[in-house]
Each structure stands twice: as C-alpha cells, then as structure tokens.
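Step one of this worksheet: look at the structure below.
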Amino acid sequence: MAFRIRLLAAASAFLALIGAARADDIKIALIRGLTGPLQAYAKQTETGFMMGLEYATKGTMEVDGRKIVVITKDDQSKPDLAKTALTEAYEDDGADIAVGTTSSAAALAMLPVAEEHKKILIVEPAVADEITGSKWNRYIFRTARNSSQDAISNAVAIGKPGVNVATLAQDYAFGRDGVKAFKEALAKTGAKLVAEEYAPPNTTDFTAPAQRLFDALKDKPGKKIIWIIWAGGGDPLDKLADLDPGRYGIELSTGGNILPALVAYKRFPGLEGAAYYYYGIPKNPVNDWLVAEHEKRFHSPPDFFTAGGFAAAMAVVTALEKAKSTDTEKLIATMEGMEFDTPKGKMIFREEDHQALQSMYAFKIKVDPNVKWGIPELTRELKIEDMDIPIRNKR
C-alpha cells in the first residue's frame with residue numbers, strides 16, 4: 001500500500017512537471033482564411049510564418065528556452081468566424097499572441113476581441129487603413145502594409161501632371177480604403193482622379209463598370225489610366241483588357257500580386273505600378289535565405305504573402321527576445337518603435353499607430369519568354385523616409 005502511494009505520488013509529480021513545461025510554452029495563434037476566395041494568400045502567409053519562426057530562432061523554435069507552439073485556425077475570411085476564432089484562441093487555447101488575418105473585413109472584426117482580452121494581435125496580411133486607423137486600439141500591431149502604403153507607392157509610380165486616372169476597386173473595406181488613400185496621394189502628384197467604380201468582390205463580368213470608366217476617360221487630354229485595386233478572383237485586369245481600352249488611348253495599371261496572378265501581366269509589357277514584394281527585388285541576407293530555402297523545399301520562389309508571414313514571425317520573435325516575457329504590457333512597451341529585420345529589409349512599428357513602416361517598390365513589367373509570369377522590374381525603391389504615411393487613428 002505504501003509503495004502504491006509512493007508510486008501515485010511520483011506519477012502525480014511527473015504529470016505536474018509535464019503540465020508546468022506545457023504551461024511555459026509560448027502559444028501563438030495564427031488565424032487565416034484558409035478556405036474561401038483568399039485561400040492562396042492564407043497558405044502563403046502560413047508557410048512564410050513557419051519559415052520565419054525557423055529563421056528567427058535558428059531552427060530551435062524556442063525563445064529563451066521556451067518552446068513556441070503555433071495554433072492554427074481557419075476563419076474562412078468571414079468576420080463572425082474570425083471573431084470567434086480569436087476569442088477561442090485567447091480563452092480556450094491560452095494564446096499569448098495572435099497573428100492574422102487574411103481578409104480586411106475579418107481583421108476588423110477581430111480588433112475589439114484583442115482589446116477585450118488585453119492581448120497582442122499582429123495583423124497580417126489584411127491592409128485596410130481602418131485597422132491601424134479609426135478602428136485601431138493599442139493591442140494592435142501590423143506587419144502588413146496598409147492601404148496608404150499601397151496607394152502612395154502606386155500614385156508615385158503612375159501619377160504626373162497631365163495624367164487622368166480612374167479607379168476600379170472591390171466594394172468593401174479593402175477597396176474603398178485603398179481608393180481613398182490613393183486619391184489623397186495622387187492629388188500630390190499633379191494627376192487628376194476623374195472617376196471611381198466599385199464592384200462586389202465576387203464580380204466576374206466587368207462590362208458595365210468598365211464602360212463607365214471608358215466614358216469618363218475617353219475624351220480627356222493627355223495620358224489616361226485605369227488603376228485597379230483587387231484581391232482574390234475575378235481577374236479584372238485581363239477582362240478589362242479584353243474590352244479594348246486601347247481604342248480610347250486608355251492604359252491599365254495595378255499593384256503587385258502573387259505569382260499566379262502575375263502570369264496575366266505578361267500581356268502587359270511596360271505596365272507600371274508598385275508592389276509590396278517580389279522575390280527578386282530585395283537584396284539582403286534574410287531574403288536570400290528565404291528565396292534559397294523556399295526554392296529548395298517547394299521548387300518555386302517565395303511569393304507575395306510568404307514574405308508577409310515571414311515578417312510577422314520576425315516581429316514576434318524579436319519582441320519576445322527583447323521583452324523577455326509574454327506579458328502584454330511589456331510586449332507593447334518593447335514593440336512600440338521596435339525595428340526588426342524582414343525579407344524586405346528593416347521594418348519599424350510606428351509608435352503612434354503600430355503600423356509597420358517599410359519599403360515599397362515601383363516597377364515596370366518586363367516580359368521574359370523563359371519566365372511564366374510578368375516580371376516586376378524595379379524602377380525605384382520607395383524607402384520609409386520617402387513616404388509620408390498618414391496617421392489615421394485617434395490616439
């Protein structure tokens with residue numbers, strides 16, 4: 001009997017030891033829209049995030065001897081599911097930090113959850129300005145570029161005096177925030193915005209909005225451009241081209257995109273825009289490692305959102321190493337103004353709104369018959385100091 005008691009006591013002590021070890025794990029929730037229209041973006045984000053953790057921890061997947069555990073959740077790019085997923089991550093899974101999500105509308109639904117639970121949420125890759133603007137709270141950091149960074153870089157790439165521009169965008173936060181920021185940035189270049197068209201995110205027939213844009217531009221003097229801001233399916237660039245805007249002297253422009261979408265860009269040699277990332281542009285050790293390892297493991301280069309997921313992981317590990325804690329207040333104090341390395345080079349979390357300031361890349365599409373997609377050839381790197389990104393929160 002005494003032996004049995006000692007055995008049970010030893011077993012209890014062992015289980016307590018395991019429990020303590022598990023309790024000491026650093027739990028990170030990764031929420032993404034793995035099913036739905038943005039699933040390609042979500043898969044890239046997850047791949048990049050895991051590779052970024054590997055790189056940042058030198059393969060140990062630990063920080064200060066504490067194991068990193070990643071908890072993944074699929075919100076299907078739906079705001080209600082995103083809100084539920086983040087609540088479960090904080091309450092049921094004990095997540096210390098969360099990262100996500102893919103859709104801007106879903107990310108906006110998550111912001112109050114982070115504030116309610118007083119836990120960090122690093123937004124990646126959603127870009128709507130409201131996330132670090134009017135809907136922001138102090139628990140929100142964002143490694144993704146915002147709509148203003150997209151817009152300012154694209155406006156610089158195509159905007160000049162005498163240029164007339166019309167826009168086509170999706171009718172939700174991503175598209176409307178993007179056009180609002182683009183309009184503000186374009187005005188500073190001397191170009192004129194003459195029309196805006198918004199279409200549902202699932203639009204496949206662009207005939208009606210395209211004709212309205214053609215009518216708004218066709219009689220304007222000088223250079224005429226339709227700038228497209230779109231995410232997911234629908235392929236508006238190709239479909240607008242099929243409607244022959246060239247008969248009115250109208251050109252098309254858009255930002256960078258994932259490699260499968262860049263296949264369509266081969267039709268548009270010389271097309272100008274600006275990109276968040278293209279694997280062949282940044283020259284730094286982090287990107288060198290990412291490109292080499294991604295090609296080795298997946299037999300393809302890293303894509304647009306792979307770099308974003310990687311950047312989020314670098315931010316997480318840098319913050320944990322500097323704060324030496326998962327305490328939220330210590331993390332916030334550490335992350336405000338924090339610099340960290342990414343495949344794009346240095347990023348900085350701006351203290352005022354926790355938006356990651358970062359380089360963007362103006363490009364012109366080059367066509368190489370040996371490459372499956374149109375190549376965004378760098379024309380100008382827009383560095384942090386080259387862009388005056390508005391602070392849109394009410395802090």
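Among the residues of the stretch 345-358, just one is touching a residue at least 60 places away in the same chain (Cβ under 8 Å) and over 23 Å from residue 130 (Cβ atoms), namely 345. Of everything in the stretch 282-324, what is exposed (fewer than 15 other Cβ atoms within 10 Å of the Cβ) and within 19 Å of residue 68 (Cβ to Cβ)? Give them in sequence order. Within the stretch 282-324, 293, 321, 324 qualify.
Conditions (1) of a type in the set (D, E, K, R); (2) in the same structural domain as residue 259 (by TED's automatic domain parsing); (3) out of contact with any helix residue (DSSP H, G or I) (no Cβ under 9 Å at 6 or more places or on another chain), marked per residue:
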residue: 39; (1), (2), (3): no, no, yes
residue: 48; (1), (2), (3): no, no, no
residue: 55; (1), (2), (3): no, no, no
residue: 74; (1), (2), (3): yes, no, no
residue: 78; (1), (2), (3): yes, no, no
residue: 85; (1), (2), (3): no, no, no
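Kindly check whether there is at least one residue in the stretch 188-203 that is of a type outside the set (A, V, I, L, M, F, W, C), at pLDDT below 95 and in contact with a helix residue (DSSP H, G or I) (Cβ under 7 Å, 6 or more places away or on another chain). For the stretch 188-203, residues of a type outside the set (A, V, I, L, M, F, W, C), at pLDDT below 95 and in contact with a helix residue (DSSP H, G or I) (Cβ under 7 Å, 6 or more places away or on another chain): present. Residue check: is residue 84 among the β-branched types (Val, Ile, Thr) and without any contact (Cβ under 8 Å) to a residue 40 or more places away in the chain? In short, yes. So in the stretch 115-150, with the set limited to residues that are crowded, with 24+ Cβ neighbours inside 10 Å and without any contact (Cβ under 8 Å) to a residue 40 or more places away in the chain, which one is farthest from residue 78 (Cα to Cα)? Checked the stretch 115-150; the qualifying residue farthest from residue 78 (Cα to Cα) is 147. Here residue 186 clears all of (1) part of a helix (DSSP H, G or I); (2) of a type in the set (A, V, I, L, M, F, W, C); (3) surrounded by fewer than 24 Cβ atoms within 10 Å (Cβ to Cβ) except the condition numbered (3). Candidates in the stretch 36-69 are the residues that are within 21 Å of residue 96 (Cα to Cα) and polar (S, T, N, Q); of these, the one that is surrounded by the most Cβ atoms within 10 Å (Cβ to Cβ) is 45.
With respect to the conditions (1) part of a helix (DSSP H, G or I); (2) at pLDDT 95 or above, residue 8 falls short on a single one, namely (2).
Scanning the stretch 282-334 for residues that are in a loop (DSSP other than H, G, I, E, B) and free of Cβ contacts under 8 Å to residues at least 12 places away in the same chain turns up 283, 299, 325, 327.
The values are calculated or read from the model by the stated rules, or taken from the named source; none is laboratory data. As the structure is a computational prediction, the values presented were derived from the model and not from experiment. When we count neighbours, we look across all protein chains shown, and the Cβ atoms used for this are built from the backbone with ideal geometry, even at glycine.
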